[in-house]
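Engineer: Shown below is the structure under consideration.
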Amino acid sequence: MQDCHKSQKIALCMVGLPARGKTYISRKLHRYLNWLGYNCKVFNIGNYRREICGTECDKSFFDSKNEQATKARNECAQMALNDLINYLNSDGEIAIFDGTNTTKERRNMVQCSLLQQCQNVQTLWIESICDDADVIQNNIRLTKLNNPDYVSMNPEDATKDFLGRIKMYEEVYQKIDLDENLSFIKLINIGEDIQIHKVKGYLLSKIISYLMNLHIYPRPIYLTRHGGSTFNQENRVGGDCDLSQQGIQYSEQLGKFLLDEFPTQEQRNQIHCLTSTMKRATHTAEIVCNILKINYLQLKTLDEINVGICDGLTYTQIAIQFPEDFAERKVNKLTYRYPRGESYLDLISRIEPIIYEIERSREPVLVIGHQAILRCLYAYFHRNEISEVPQLEIPIHAIIKLTPAAYYCEEIRIKIDPETGERKQIEEDLQIARINMLTKKKSYILL
Amino acid sequence: MQQYKKTQNKLILVLVGLPARGKTHISYKLNRYLNWIGYKSEIFSIKGAQQNNDQLDQNIDYELEIDPANQQFVDVRQQLSFTAAHQLVNFLQNDGDIALYNGLTSTKLDRQKLKSLFKEKLKLEYQVFWIESICDDPQVILNNINESKLSRFKEKTIEQFMNQINVLAQDYESLENIENLSYIKLINIGKLVKVHMLEGYLCSKIVSFLLNLHANNRQIYLVRSCQTEYHLLDKIGGDPELSATGKQHSQQLGDYFIEELKGNKNITFFTSQMKRGIQTAEIVGDKLGIKALKTKNLDEIDYGICDGLTVKEIAAKYPKQIKERKANPLEFKYPRGESFLDVIHRVEPIIYEIERSREPVLIIAHVAVLKCLYAYYHCNQINEIPNIDIPINCVIKLVPIPYHCLESRVIIK
């Protein structure tokens, strides 16, 4: 549905003390909205401050009574805001303003600037409130200590200084008030309490639903293709065929692998197993879940991409029978839609509810799916550019384990030999890995 | 995600709020939605308990007799509220999935008693989610009374009713975090919403659903795309273009809507991504000066291996499937295609969009998809879906009002 609702620009503004997960939320939203196909960018005030004022700022820099520093910080915020407004006035569709924005004065300034200087913009304020000391301590440990601000300090001093910094902000913190008349969502103690005020519109409603499902429990997500099928062997697309002999063997080895990953039955009972309604995936799931002694869920949403009139043909046959389509697909694999079938963009739209489901789940998730489907799912977790999706490598007879960490996903790929059960950790295809390296580098700077 | 229901615990949704806060309206809408997506859901209220009780005077509407000074009525209401709770427990112990409770829940003590009753009587895993509706806008409350209660007042006046509510308000206790309940508070029809301890797939969905509700009674128009060659050949499925007659009919459709919508360009206008949907919508849209949003969610049901065949050919080639479909038309899945249940699931985001829209909605789609959409507004049970009549060249106008949905049909010729 994303082609429908692109008329209005959207500015999402974060509010909250340091170490409340604002950047975490900004990055997740950024990934989600990019994946859906929107032009989205994060503007992090901290990054501007580091570039302009340097990284040698200790907590006194954040004291509101320090006039010179306050002036400098306001200038940084203004610069970030200006860049954001320029972005929305050109080809940007959604901009995320990642900063503390902890005073009514600052919020008022930002809100007025946005409404005056952007053509047709909707704003949503996202406030993250947390008073759980353990969570805050953990946040600091995971995300601040590697921050460029503290690279040269030892962890204890860094933590002490950062806690001091938080205190500076606390002195002037004003939570969002109803009289500010802003559209907002308050996430309190990681979603234990949620308050939503004056939210209207298709995309904002979607963003709200997405935010309500976020949490920080580090549960693993396993993605694997169904075992090899008879069509795979013949290089055919589509169809609803069953597993080949090797496919059955892989399923059994996969089950054994997961037995080792989850040593107790109690742990296995927690696994959320999702699969499609197609024979090859269901058969794989049946074998695996028999070994694990758990149930699985069949969702039509996870069915492989619908190849329409090309169903059952080999790639060679498609090239001969539908040469124009074959050529078009090579040029634009992302948007190309099989006649009477689907495109990758349709797929992304189709599997969106699964993303919600996986995000919401606080327990391990196992998805037994198909190549195109998994490419879309993987792209979401791995923050790939949408254009890369159709080329992502999801090898057969291998399982990908993703563990969401602070700002990225840890990944392990294990190839499982169907006959011997030998497990080998593999790397991604080098060319794609190179592209990812570039994006990963960016992600560290944007802390 | 209807498959999820098999692993879902039983769910109890309890409504909290003073009279004339829209509790019954919310419960009806939720109940309708949950049944539509495949759960077995039912409402248990004072009204319902009264209908089943022969010993009571059925001429008195105990749901409206809220006068706290009348001890006899207070006692009867307590008793009915209690009965409703027991009926609810019975329902869930058997094959019910979700129960909505609309009884006496205005004080902490009432709620505590209810929780204990559930704990004592329900011998299976269950979850309770509390839905509170708060309103301090007198105009909204007045509208509410006018729309849903006034017709049932016998000797009472609106003023009397409002006074009685004000007395009740003095003892009313809003939900508090200390009660340790999982809840959502809807304040002034969702202008402000507070959610506490939200857990579970279904409750998340229910919250998203509730966020979209509003009180505007706007019209929803359901129309089939116009005639194609496939119609003339009696073929099903496919992606044919409009025939010449089809294009003509689309023009007439456009003229009809020019009159009907009276120049309102703010309408929510959807169509499918099939050629006949797009073409009909283009012609109609041109006349109205608006563009339709094309979504694959509104595409016709996938007929799988039967796609493009005539009815006779299907009967000859796939007699076994015809038999299966006759036996269970709702769940029957065309081989390599979809079933009505799949279509319902696919069309669910459109329902959210329709609910969210406060302006008139115009949908140009196809038979099976429209049956599912229509059923959401009109049917109490989804197994009625296969039998719904959605004729071609006919505009079905639905206007949802509290507790009902008005319908009118106009044939365009």
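Engineer: Which residues, taken from the stretch A:1-55, are free of Cβ contacts under 8 Å to residues at least 40 places away in the same chain and surrounded by fewer than 21 Cβ atoms within 10 Å (Cβ to Cβ)?
Structural biologist: Listed by number, the residues that qualify are A:3, A:48, A:51, A:52, A:53, A:54.
Engineer: Further question: Where in the stretch A:96-188 are the helices (runs of 4 or more DSSP H), entirely inside, with at least 2 residues that are in contact with a Pro (Cβ under 8 Å, 6 or more places away or on another chain), at pLDDT below 95 and not assigned by TED's automatic domain parsing to the domain that holds residue A:78?
Structural biologist: Hits in the stretch A:96-188: none.
Engineer: Which residue is farthest from residue B:162 (Cα to Cα), if the candidates are limited to the stretch B:31-70 and must be among the acidic types (Asp, Glu) and in contact with a Phe, Trp or Tyr (Cβ under 9 Å, 6 or more places away or on another chain)?
Structural biologist: B:42
Engineer: Within the bounds of the stretch A:76-95, is there any residue that is among the charged types (D, E, K, R) and either under 26 Å from residue A:355 (Cβ atoms) or within 14 Å of chain B (Cβ to nearest Cβ) (or both)?
Structural biologist: yes
Engineer: Please pick out the residue among B:373, B:341, B:362 that is in contact with a strand residue (DSSP E or B) (Cβ under 8 Å, 6 or more places away or on another chain) and over 19 Å from residue A:201 (Cα atoms).
Structural biologist: Residue meeting the stated conditions: B:373.
Engineer: What do you reckon, is residue B:305 surrounded by fewer than 17 Cβ atoms within 10 Å (Cβ to Cβ) and within 13 Å of chain A (Cβ to nearest Cβ)?
Structural biologist: Spelling it out, residue B:305 is indeed surrounded by fewer than 17 Cβ atoms within 10 Å (Cβ to Cβ) and within 13 Å of chain A (Cβ to nearest Cβ).
Engineer: Restricting attention to the stretch A:188-220, which residues are more than 12 Å from residue B:193 (Cα to Cα), facing chain B (nearest Cβ under 9 Å) and touching a Gly at 6+ places or on another chain (Cβ under 9 Å)?
Structural biologist: A:212, A:213
Engineer: Which residues, counting only those in the stretch A:323-343, are away from chain B (no Cβ under 13 Å) and either touching a strand residue (DSSP E or B) at 6+ places or on another chain (Cβ under 6 Å) or in contact (Cβ under 8 Å) with a residue 12 or more places away in the chain (or both)?
Structural biologist: Across the stretch A:323-343, the qualifying residues are A:325, A:333, A:334.
Engineer: Based on what the data block shows, is residue A:353 closer than 30 Å to residue A:220 by Cα, in contact (Cβ under 8 Å) with a residue 12 or more places away in the chain and either in a helix (DSSP H, G or I) or within 14 Å of another protein chain (Cβ to nearest Cβ) (or both)?
Structural biologist: yes
Engineer: Can you confirm whether residue B:338 is over 26 Å from residue A:312 (Cα atoms), within 14 Å of another protein chain (Cβ to nearest Cβ), buried (at least 19 other Cβ atoms within 10 Å of the Cβ) and not aliphatic (A, V, I, L, M)?
Structural biologist: Judged against the criteria, residue B:338 is not a match.
Engineer: For residues in the stretch B:150-203 being among the charged types (D, E, K, R) and within 10 Å of chain A (Cβ to nearest Cβ), which is farthest from residue B:74 (Cα to Cα)?
Structural biologist: Only one residue fits best here, namely B:199.
Engineer: Inspect the stretch A:20-35 for any residue being more than 20 Å from residue A:173 (Cα to Cα) and within 14 Å of chain B (Cβ to nearest Cβ) and give the result as yes or no.
Structural biologist: Within the stretch A:20-35, none of the residues are more than 20 Å from residue A:173 (Cα to Cα) and within 14 Å of chain B (Cβ to nearest Cβ).
Engineer: Do we find that residue A:207 is surrounded by fewer than 18 Cβ atoms within 10 Å (Cβ to Cβ), within 23 Å of residue A:382 (Cα to Cα) and of a type in the set (A, V, I, L, M) in this structure?
Structural biologist: no
Engineer: Ok, one more. Cβ contacts < 6 Å: first residue over 15 Å from residue A:16 (Cβ atoms), restricted to the stretch A:159-178; second residue hydrophobic (A, V, I, L, M, F, W, C), any location; separation 6+ or different chain. Result?
Structural biologist: Within 6 Å, the pairs are A:159/A:140.
Engineer: Can you tell me how many residues within the stretch B:298-347 are under 26 Å from the mean Cα position of the chain (by Cα) and not polar (S, T, N, Q)?
Structural biologist: Counting residues in the stretch B:298-347 that are under 26 Å from the mean Cα position of the chain (by Cα) and not polar (S, T, N, Q) gives 19.
Engineer: Just one of the numbered conditions (1) closer than 23 Å to residue B:115 by Cβ; (2) of a type outside the set (Gly, Ala, Ser); (3) within 14 Å of chain A (Cβ to nearest Cβ); (4) out of contact with any His (no Cβ under 8 Å at 6 or more places or on another chain) is not true of residue B:209; which one?
Structural biologist: Tallying (1) closer than 23 Å to residue B:115 by Cβ; (2) of a type outside the set (Gly, Ala, Ser); (3) within 14 Å of chain A (Cβ to nearest Cβ); (4) out of contact with any His (no Cβ under 8 Å at 6 or more places or on another chain), residue B:209 fails exactly one: (1).
Engineer: I've got another one for you. Please find, within the stretch B:42-75, the residue that is surrounded by the most Cβ atoms within 10 Å (Cβ to Cβ) out of those that are among the acidic types (Asp, Glu) and more than 17 Å from residue B:105 (Cβ to Cβ).
Structural biologist: The residue in question is B:42.
Engineer: Next question. Could you list all residues from the stretch B:372-388 that are farther than 17 Å from residue B:34 by Cα and either assigned to a helix (DSSP H, G or I) or in contact with a Cys (Cβ under 6 Å, 6 or more places away or on another chain) (or both)?
Structural biologist: Matches in the stretch B:372-388: B:386, B:387.
Engineer: Within the stretch A:164-175, count every residue that is touching a helix residue (DSSP H, G or I) at 6+ places or on another chain (Cβ under 7 Å) and either within 11 Å of chain B (Cβ to nearest Cβ) or crowded, with 17+ Cβ neighbours inside 10 Å (or both).
Structural biologist: Adding up the residues that qualify gives 3.
Engineer: Any idea how many residues of the stretch B:146-200 are part of a strand (DSSP E or B), of a type in the set (A, V, I, L, M) and over 21 Å from residue B:116 (Cα atoms)?
Structural biologist: The number of residues fulfilling the criteria is 5.
Engineer: Moving on to the next point. I'm checking my understanding of the structure. Among residues of the stretch A:193-216 that are assigned to a loop (DSSP other than H, G, I, E, B) and modelled with pLDDT under 90, which one is nearest to the chain's Cα centre (by Cα)?
Structural biologist: This residue is A:214.
Engineer: Please work out if residue A:182 is away from chain B (no Cβ under 11 Å), more than 26 Å from residue A:405 (Cα to Cα) and among the hydrophobic types (A, V, I, L, M, F, W, C).
Structural biologist: yes
Engineer: Given the structure, is residue A:95 more than 29 Å from residue A:205 (Cβ to Cβ) and of a type in the set (A, V, I, L, M)?
Structural biologist: Against the criterion (more than 29 Å from residue A:205 (Cβ to Cβ) and of a type in the set (A, V, I, L, M)), residue A:95 does not qualify.
Engineer: Given the conditions (1) surrounded by 15 or more Cβ atoms within 10 Å (Cβ to Cβ); (2) in a helix (DSSP H, G or I), which single one is not true for residue A:387?
Structural biologist: (1)
Engineer: Filter the stretch A:360-379 down to the residues that are of a type in the set (Ser, Thr, Tyr) and assigned to a helix (DSSP H, G or I) and list them by number.
Structural biologist: A:378
Engineer: A further question follows. Tally up the residues in the stretch B:27-45 that are touching a strand residue (DSSP E or B) at 6+ places or on another chain (Cβ under 6 Å), closer than 12 Å to residue B:98 by Cα and of a type in the set (Gly, Ala, Ser), please.
Structural biologist: So the count comes out to 2.
The values are calculated or read from the model by the stated rules, or taken from the named source; none is laboratory data. Bear in mind the structure is a predicted one, so any value in this text is a computation, not a measurement. Backbone-built Cβ (ideal geometry, glycine too); neighbour counts: all protein chains shown.
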